[in-house]
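To keep things clear, I will list the structure first and then write my remarks on it.
Read-outs: derived from the displayed coordinates by stated rules, not from any lab. Bear in mind that the values here come from a model prediction, so they are computed numbers and not experimental data. All Cβ positions, glycine included, derive from the backbone under ideal geometry; neighbour counts span all protein chains shown.
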Amino acid sequence: MLNKIERIHELIARLNQYRDEYYNQNAPIVSDEVYDRLFDKLATLESETGCVMSNSPTQTVGYKTVGKLGKVWHSIPMLSLDKSKQIREVLSFIGGKEILMMLKLDGLTVKLGVRP
């Protein structure tokens, strides 16, 4: 158990360093795939041990807010798949409805449309 908790501390330190490099310095040193794999490992260890630190990337956002934007109401909900990597998850999420899928980059979603 102690080894798992030490690994949690190590992963938190590494992931927080990677987040700072990515979000604040605009100079990432690892790919999103590497980050996601380490993040998933951390989440698994936290679940197994019940040990979740307040500075864990599973509990915090990776960057400081640089401004404030107003909220917008959408007639059709804009929903998120989180980190879905399997087509079956996407199909289950869609549930047979007609949809429009858009790419989300760096925590920013943009929906463009024409007002009637």
- Query: If each Cα of the range 2-49 is one equal point scatterer, what is log10 of I(q)/I(0) from the Debye formula at q = 0.21 Å⁻¹?
  - Reply: -0.69
- Segments 40-47, 29-36, 90-97 sorted - mean Cβ within 10 Å per residue, highest first: 40-47, 29-36, 90-97
- Förster radius 30 Å - calculated FRET efficiency between SER47 and GLN17, Cβ distance, rounded to 0.05: 0.85
